[in-house]
Amino acid sequence: MIEKVDRRIKYTRMVLKDSLITLLKTKHLSAITVKELCKHADVNRSTFYAHYKDPYDLLMNLEEEIIKGLNTYLNEQIC
């Protein structure tokens, strides 16, 4: 099924990813808690868990998004 994503969901995922990137600049992933991510992103823990299982899942999702963007860019450059 195709997941319908509205602006609120996009915004929530964006601030969580931005918060993770910011926290990774000073801490190792294993030291970052969901509580800390939520406080930094100003979202509730239940909101976090509605989108991701844990910080590792958030990082994996971010990595997949970056790889997908790179593949799209490279495919455009080759054609």
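Taken together, the residues in region 1-60 that are in contact with a Leu (Cβ under 8 Å, 6 or more places away or on another chain) and part of a loop (DSSP other than H, G, I, E, B) amount to 3. Only residues that are in contact (Cβ under 8 Å) with a residue 12 or more places away in the chain and over 12 Å from the mean Cα position of the chain (by Cα) were counted across region 25-37, and they come to 5. Scan region 39-56 for residues that are free of Cβ contacts under 8 Å to residues at least 12 places away in the same chain and either of a type in the set (S, T, N, Q) or under 13 Å from Thr22 (Cβ atoms) (or both) and the total you get is 3. Tell me which residues, restricted to region 1-45, are touching a Cys at 6+ places or on another chain (Cβ under 9 Å) and either exposed (fewer than 13 other Cβ atoms within 10 Å of the Cβ) or not hydroxyl-bearing (Ser, Thr, Tyr) (or both). Residues satisfying the conditions are Leu16, Asn44, Arg45.
Counting only residues that are without any contact (Cβ under 8 Å) to a residue 40 or more places away in the chain and β-branched (Val, Ile, Thr), region 5-24 holds 4 of them.
Free of Cβ contacts under 8 Å to residues at least 40 places away in the same chain, part of a helix (DSSP H, G or I), over 11 Å from the mean Cα position of the chain (by Cα) and surrounded by 11 or more Cβ atoms within 10 Å (Cβ to Cβ): does that describe Glu76? So Glu76 does not fit the description; no.
Rule-based calculations on the coordinates, nothing more; no lab input. Predicted, not measured: the structure shown is a model, and the values here were computed from it. FYI the Cβ positions are ideal-geometry reconstructions off the backbone, even for glycines, and counts take in every protein chain you see.
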